[in-house]
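Worksheet: the structure to be examined is printed underneath.
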Amino acid sequence: MEILNDTDFGPKVLEAKKPVLVDFFATWCGPCRQMLPIVTEISEELPEIDVYKMDVDEAPNTPETLDIQSLPTLIIFKDGKPVAKKTGAMLKTELVSWIKSNI
């Protein structure tokens, strides 16, 4: 699973042809580390979406533009626009259900 920077974000997310899930995280964030294996599994199990991670400390401009206040924050983008946002750690079943209901 690819980690985006501010430069990659536009072409990979805003110009994507299919829905995109972006996991905004930080390496120091415990719940973010808890979500890593879940998000990785989803990226392999749901080919109908592209999944990326974005480290808010390494690439701060995009999260600031999107008003990311808490970590982890997961956002689903469709046609270049954010359509759903979820904050905090969650179970895999909850995350999959949320994704499927928003793509």
**OP:** Give the order of 98, 28 when sorted by the count of other beta carbons within 10 angstrom, beginning with the fewest.
**Re:** 28, 98
Original post:
Which of 72, 84, 101 sits closest to the plus end of the dipole of the chain, meaning its Cα is farthest towards the positive end, when Lys and Arg get +1 and Asp and Glu get -1 on the C-beta?
Top reply: 101
Subject >> Quarter of the Cα convex hull surface for the chain, i.e. its orientation-mean projected area (nm²) >> reply: 5.6 nm²
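Placing +1 at every Lys and Arg Cβ and -1 at every Asp and Glu Cβ, with all other atoms neutral, what dipole size does region 2-102 have around its Cα centre, in debye to the nearest 20?
Value, rounded to 20: 400 debye.
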Original post:
Among 35, 63, 46, whose Cα lies farthest out toward the positive end of the dipole of region 2-102, if unit charges sit on the beta carbon of Lys, Arg (+1) and Asp, Glu (-1)?
Top reply: 46
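Values in this text are rule-based calculations from the coordinates and carry no lab data. Given the structure is predicted, the values throughout are model-derived calculations rather than measurements. Cβ atoms come from the backbone with ideal geometry, glycine included; neighbour counts cover every protein chain shown.
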